[in-house]
Amino acid sequence: MTPGRRLSATVNGENLSLAGTDPSTNALDWLRAQGLTGAKEGCAEGECGACAVMLARADTGSGTEWTALNACLLPAAALDGQEVVTAEGLGAPGRLHPVQRELAVRGGSQCGYCTPGFVCSMAAEYYRGDRSATRDDTAADAAHPRRHECGPNGFELDALSGNLCRCTGYRPIRDAAFALGEPADHDPIARRRAGPPPAAAATWLEGPTGTYARPADLGEALDLLAAHPGAVLVAGSTDWGVDVNLRGSRAPFVIGIDRLPELRHLAVGDDVVEIGAALSLTEVERGLAGRVPLLDQLVPQFASRLIRNGATIGGNLGTASPIGDLLPALLALEAAVVLVGAGGEREVALADYFTGYRRTLRCADEMVRAVRIPVPLSGTTAFHKVAKRRFDDISSVAVAFALDVAGGVVRRARIGLGGVAATPIRAYTTEAALEGQPWTAETAHAAADVLHGEGTPLDDHRASADYRRAVLGTALLRLHAESTAGPVVEAPTGRGVGA
Amino acid sequence: MTSPSNQAADPVVGQTIPHESAALHVTGAALYTDDLTVRTHGILHAHPVQAPHAHARVTRLHTAPALEVPGVVRVLTAADVPGVNDGGVKHDEPLFPSEVMFLGHAVCWVLGETLESARLGALAVEVDYEPLSSIVTVREAIAADSFQGGRPKLERGDVDAAFSGAEHVFSGELDLAGQEHFYLETHCSVAHVDEGGQVFVQSSTQHPSETQEIVAHVLGLASHAVTVQCLRMGGGFGGKEMQPHGFAAIAALGAVLTGRPVRLRLTRSQDLTMTGKRHGFHIQWRAAFDGTGAVQALDATLTSDGGWSLDLSEPVLARALCHVDNAYWIPNLRVNGRIALTHKTSQTAFRGFGGPQGMLVIEDVLGRCAPRLGIDPAQLRRRNFYVEGQHTPYGQPVRHPERAVRCWEQVLATGEVAARSARIAEFNATHEHTRRALAVTPVKFGISFNFTAFNQAGALVHVYKDGSVLITHGGTEMGQGLHTKMLQVAATALGVPLSLVRLAPTRTDKVPNTSATAASSGADLNGAAVRNACEQILGRLRVVASARLGVRDVDVRFENGLVRAAGGSEQVAWADLVSEAYYQRVQLWAAGFHRTEGLHWDSTAMHGSPFKYFSYGAAATEVEVDGFTGAYRLRRVDIVHDVGDSLSPLIDLGQVEGGFVQGAGWLTLEDLRWDDSSTPARGRLLTASASTYKLPSFSEMPEVFNVALLERATEDGVVYGSKAVGEPPLMLAISVREALRQATAAFGPSGTSVDLASPATPEAVFWAVRQARGGGQPPRLAPLVEGGVGLVPEQPDPAARPLEPRSEQVASGSGG
């Protein structure tokens, strides 16, 4: 870090100075102050996506992936040395980008306020390297209940799960997304993907409300943490950004750790899968590529793509929210947390890690370096999220199951619960009620009664305590029904999409 | 007004074209009010001080500490108001209140060099409150006899006699939730004062003229000293019909007092906690049927949750009463309405304007009673449709009832409803934990402002010497495509290509005394005014052309930028004719005007013909419900909707789809929760953020969504045979609620009647599934009562004041 170095970001190909920016200023406000008012504030908490922009980020290899993020949550300082593309940078009236053209001609915008954000989310999916138009559209595939959420061009609607539109009802936006072709050879944004991503800048930004620092490596990060007790560690900033915007939180010292190389490893070994704390959930999903089925089932249900592109596994462990979806799953997987401090590393079982509401065993001078999942994994796993909305909602109740069933008997059961206590919890009593029992409807019913009584659910605006208890009670019945039922093939519902 | 000589063979109206601003939307180039902030030098930012009590007296307001905060320029309080300290039209909305009426009420505003300094300044303001007792729910208001405004009553036939002789009598209760508009763009105004003291306010407002009037009366100025402009809105949905005025007035007041531009933009949580929403309703009803399922009588009392001030609650309630019949003939009917005064945001206009709540009454009745009558719900509905010659309960002839039938029949056919119903029955028989159902519901919605005076509009059309055309009209653009339609109307009326016509932003110094862009009437009213202006100009040009072409002026044709004689081959380019007219000193611009004829309405008697016409539609919705959690999916939606001859099919399709999904959100997902405990948080909106108040997202879009516009549907006497489209489709979403009810009932034995809470969230559906399976009454729901006297709706005091003509009227001029 070199205090005094000119901080800047490349936006739509133009180098713009970040000098004079306060560390509490978010990227959206900074972009708008530069005159780039295409991105909008709709909620300031990463729920609506009207502020979405694209950042050049590392792909799974050595190239670059255009990644859509909520600019309202990202500190402007985190843009130092980075490359950003906004709706203005994709095209202009008279020379529309393919994404913009499809949206415009199909009635994909009405009031237009959410549109620049949709454009960026859609463009990021348009440029996704592994998006493939050669998807096999077999009869079985046609009957898939979620078929309508993936286009013939490989466009996954999930890419738009973090964008809200209040006008259109979404159908024309879906049609626009599914009509997109491949980027042209000469498309400079597409070509940029072949090059290396921008390196993480060592950033030091002081302002009236405090300091933002992005250390170059773990050692420097730990030194900063030791020197600034109480410093806020920020990775994707999907939680801290909300505090800043909605609750007026201001920190004297913020340390950006999401680019620390030591926190960005993913290793699948014979005994353990180790996931670096600073990997985003999208990176975890891509990196694991289905090798941890429970996480593979969970991740698409976790918030939205826009959030998952920023939010990290370490951030989830750091905030330790009782309603975070990842933590019940990690509990069911019997994961361990690797904490690192000046004195070295230690490993803590996740089941022991939570000490109270948003409190953990992590000391003030430590950070989460990784999470370890022991292998082999259980054979029967499932993640049940109960929420009002399937995309981008917070769970009323989350239940993660990991069962080993052999010879028709439950040999081992691990169940993690979210939303039913002050911390994520293990359903130990239910686990005991299942283990050694035959995996039958009778066992499921008996254990369901036990699960119904786990935790201490509360009444709130998301759900009543009674409902939370009730769906805890039905979760095992559902698991049993689903784990014993064959695949259901059904006829498609109608004339296809659209009017 | 239709003149055959300018009906082009290939009119621009009716063409499928994108929104006029689509290219600006998708590139981020479209400007919204707050986008002006960075483009305005020296602008100040306003931040409110919001009260933490549902009801309290302000005993001390100490603003000096705020001025100590660096960057704070001024604190605005009641003492600063040169005119009237009121931000509403009923004079019950003090802009700077001494009595806090809801939690979040702004007691003063801080102006700062930055938003951060204004925010910190607001935190520094010291306010002492004396908390007072509060009323939070409608039921509390009913118990405390806390009402406001008039109490309308709609009555026809002999209700009591009909009940005493009826074969079947049912009664029930229903609590309908409100709805947050959640336009993606929150309220915003930017104000400045020019060198002559003229106040210029750019505002995200559906009603610039009324914003102008309120700003003027707050500032103590005449209307001509205030100009309001609306570039466009990032959504309105009724939420910017009356609510923007106070915020515009604060910004204008700040600009006048500081001499600097002022920006006031609400954050999402400020918008959620300060501005009005769709009215929640409490409904008691009793209904009588004969043995064939024909409705004999309906007796209902509707209590709306008005919030802290009257706002638009009276006309909303009047419209609710006028839509209790929906598409059904109800020979004997008595509906009482009243407005609760509660310590919450002041509920206001929202797409449908009481119509949805009114219609839900009869649809809830039919949906709950059908199983008890042993009649399929769709058949029960169809059985009761209006037929030609019948009148609504308020005395208006039901014109074109066959259109409801055509929509219904077409949706049954194209939606393959019979075949799918059979497949659904098969599915349900073979799936233990999942049920599907398909419900069909109709919509009949009256178009016009109930308040007759609002049914007028103006426009200004300029033809420049080069033949280019600039139009301005009184309507505002909030995404509904009004400007697109107006461009098409002007191009069609003048017979020029669309590319020749431009549209300038809506502002009060171009077209004065406008009505709100509301009641779905924007295109009807403004379109007629634009057309009127165009026809004035064309009338003058026709004289010039007739001399030039040597034909009678009635034989001159204006088509696609060419002017020629009917049947003749000689032609003149539009631009040449315009140029020639200029040199002949012919006026090339005109102010257009329109008033809707044939309306009359007695709001005291609740009688008359308040609507120009009815819009019709029908929707068939198939859902699947998961018995484990109550979660559900919209598998398929088929809609046939009547928009007359569509002015702009892509726009109209978008309105139908968007309205439907927004209605589905209201009925299933969107859940306003207020703290009604006795803790200090009483009155707090618990769902005051995007993370707690959930709108439909992509995952709630129907998986298959087929929308058709009814064909052969020309509407006489409306611009180019078109019909309004903004509101009616929202109510097609009642089919979602009814499908959920039917799918839920399918978990129980045949004949199961389900009591479904509103919104029908997964939790509500879960409890309904429990009920259907014989597991007891869902929480907080009163069961359907069958037979006997039943639950007789509370009959309000006969001496209560009815609505008055002024109930729907608003302030005019300063102090009005």
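The values are calculated or read from the model by the stated rules, or taken from the named source; none is laboratory data. Here the structure is a predicted model, which means the values were calculated and not measured. Ideal geometry is used to build each Cβ from the backbone, glycine not excepted, and the neighbour counts take in all protein chains shown.
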*Would you kindly identify the strands (runs of 3 or more DSSP E) lying entirely within the stretch B:443-534 that contain at least 2 residues that are outside the structural domain of B:A23 (by TED's automatic domain parsing)?*
B:456-463
*Test: B:E477 is among the acidic types (D, E) and crowded, with 23+ Cβ neighbours inside 10 Å*: yes
*Scan the stretch B:496-518 for residues that are buried (at least 24 other Cβ atoms within 10 Å of the Cβ) and either touching a Lys or Arg at 6+ places or on another chain (Cβ under 7 Å) or free of Cβ contacts under 8 Å to residues at least 40 places away in the same chain (or both) and jot them down.*
B:V501
*Criterion: surrounded by fewer than 24 Cβ atoms within 10 Å (Cβ to Cβ), in the same structural domain as B:P371 (by TED's automatic domain parsing), small (G, A, S) and out of contact with any Leu (no Cβ under 9 Å at 6 or more places or on another chain) - qualifying residue of B:A404, B:A413*: B:A413
*Which of the following residues is buried (at least 20 other Cβ atoms within 10 Å of the Cβ), of a type outside the set (S, T, Y), in contact with a His (Cβ under 6 Å, 6 or more places away or on another chain) and modelled with pLDDT of 95 or more: B:A106, B:A54, B:A30, B:A23?*
B:A54
_Take the residues in the stretch A:172-211 that are in contact with a Leu (Cβ under 9 Å, 6 or more places away or on another chain) and closer than 30 Å to B:G659 by Cβ; name whichever of them is surrounded by the fewest Cβ atoms within 10 Å (Cβ to Cβ)._
A:F178
*Could you list, in sequence order, the residues of the stretch B:635-663 that are more than 10 Å from every other protein chain (Cβ to nearest Cβ) and among the hydrophobic types (A, V, I, L, M, F, W, C)?*
B:V640, B:V643, B:L647
*Among the residues of the stretch B:100-132 satisfying the criterion of being small (G, A, S) and more than 30 Å from B:S678 (Cβ to Cβ), which is nearest to the other protein chains (Cβ to nearest Cβ)?*
B:S117
*asked:* Restricting to the stretch A:393-409, count the residues that are surrounded by 21 or more Cβ atoms within 10 Å (Cβ to Cβ) and in a strand (DSSP E or B).
replied: 7
*In the list B:G254, B:G280, B:G276, B:G235, which residue meets the criterion of being at pLDDT 95 or above, over 30 Å from B:E727 (Cβ atoms) and surrounded by 21 or more Cβ atoms within 10 Å (Cβ to Cβ)?*
B:G254
*Could you tell me whether B:A124 is within 30 Å of B:H62 (Cβ to Cβ) and in contact with a helix residue (DSSP H, G or I) (Cβ under 6 Å, 6 or more places away or on another chain)?*
yes
*asked:* Can you tell me which residue is nearest to the chain's Cα centre (by Cα) among those in the stretch B:455-474 that are among the polar types (S, T, N, Q) and closer than 23 Å to B:V718 by Cα?
replied: B:N455
*Could you figure out which of (1) crowded, with 24+ Cβ neighbours inside 10 Å; (2) under 30 Å from A:V242 (Cβ atoms) isn't true of B:H641?*
(2)
*What strands (runs of 3 or more DSSP E) completely inside the stretch B:226-290 contain at least 2 residues that are more than 30 Å from B:V335 (Cα to Cα)?*
B:226-230, B:262-265
_strands (runs of 3 or more DSSP E) (entirely within the stretch A:320-386) containing at least 2 residues that are within 14 Å of chain B (Cβ to nearest Cβ)_ = A:380-386
*Of all strands (runs of 3 or more DSSP E) completely enclosed by the stretch B:155-204, which ones contain at least 3 residues that are assigned by TED's automatic domain parsing to the domain that holds B:N332?*
B:168-176
*Specify which of the listed residues (A:A58, A:A33) is surrounded by fewer than 23 Cβ atoms within 10 Å (Cβ to Cβ), without any contact (Cβ under 8 Å) to a residue 24 or more places away in the chain and aliphatic (A, V, I, L, M).*
A:A33
*Just a yes or no: is a residue in the stretch A:65-83 surrounded by 24 or more Cβ atoms within 10 Å (Cβ to Cβ), closer than 21 Å to B:D34 by Cβ and in contact with a Phe, Trp or Tyr (Cβ under 7 Å, 6 or more places away or on another chain)?*
yes
_Step by step: first the residues of the stretch B:362-377, then only those that are out of contact with any helix residue (DSSP H, G or I) (no Cβ under 8 Å at 6 or more places or on another chain) and surrounded by 18 or more Cβ atoms within 10 Å (Cβ to Cβ), then the one that is farthest from B:M731 (Cα to Cα). Which residue is that?_
B:V365
*So is B:D35 within 12 Å of chain A (Cβ to nearest Cβ) and at pLDDT 95 or above or not?*
yes
*Go over the candidates A:T238, A:T319 one by one and state the one that is of a type outside the set (K, R), under 26 Å from A:S121 (Cα atoms) and in contact (Cβ under 8 Å) with a residue 24 or more places away in the chain.*
A:T238
_Going residue by residue through the stretch B:536-544, is there one that turns out to be among the β-branched types (V, I, T), more than 30 Å from B:G659 (Cα to Cα), buried (at least 20 other Cβ atoms within 10 Å of the Cβ) and not assigned by TED's automatic domain parsing to the domain that holds B:G721?_
yes
*Of all residues in the stretch B:697-741 being within 13 Å of chain A (Cβ to nearest Cβ), in contact with an Asp or Glu (Cβ under 7 Å, 6 or more places away or on another chain) and part of a loop (DSSP other than H, G, I, E, B), which is farthest from B:F237 (Cα to Cα)?*
B:S697
_I'm trying to understand the selection: among the residues of the stretch B:664-682, which are within 29 Å of B:V443 (Cα to Cα) and either aliphatic (A, V, I, L, M) or more than 10 Å from chain A (Cβ to nearest Cβ) (or both)?_
B:A664, B:W666, B:L667, B:L669, B:L672
_Residues satisfying the stated conditions in the stretch B:647-661, i.e. within 15 Å of B:F445 (Cβ to Cβ) and of a type in the set (S, T, N, Q)_ = B:Q655
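Yes/no matrix, rows are residues, columns are (1) out of contact with any strand residue (DSSP E or B) (no Cβ under 6 Å at 6 or more places or on another chain); (2) at pLDDT below 95; (3) under 18 Å from A:I323 (Cα atoms); (4) not assigned by TED's automatic domain parsing to the domain that holds A:Y170:
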site: A:L417; (1), (2), (3), (4): no, no, yes, yes
site: A:I425; (1), (2), (3), (4): no, no, yes, yes
site: A:Y428; (1), (2), (3), (4): yes, no, no, yes
site: A:H445; (1), (2), (3), (4): yes, no, no, yes
site: A:L458; (1), (2), (3), (4): yes, yes, yes, yes
site: A:A465; (1), (2), (3), (4): yes, no, yes, yes
site: A:E490; (1), (2), (3), (4): yes, yes, no, yes
_Looking at B:T267, B:T301, can you tell me which residue is of a type in the set (V, I, T) and more than 29 Å from B:S609 (Cβ to Cβ)?_
B:T267
*Going by the structure shown, is A:A124 more than 7 Å from chain B (Cβ to nearest Cβ) and not aromatic (F, W, Y)?*
yes
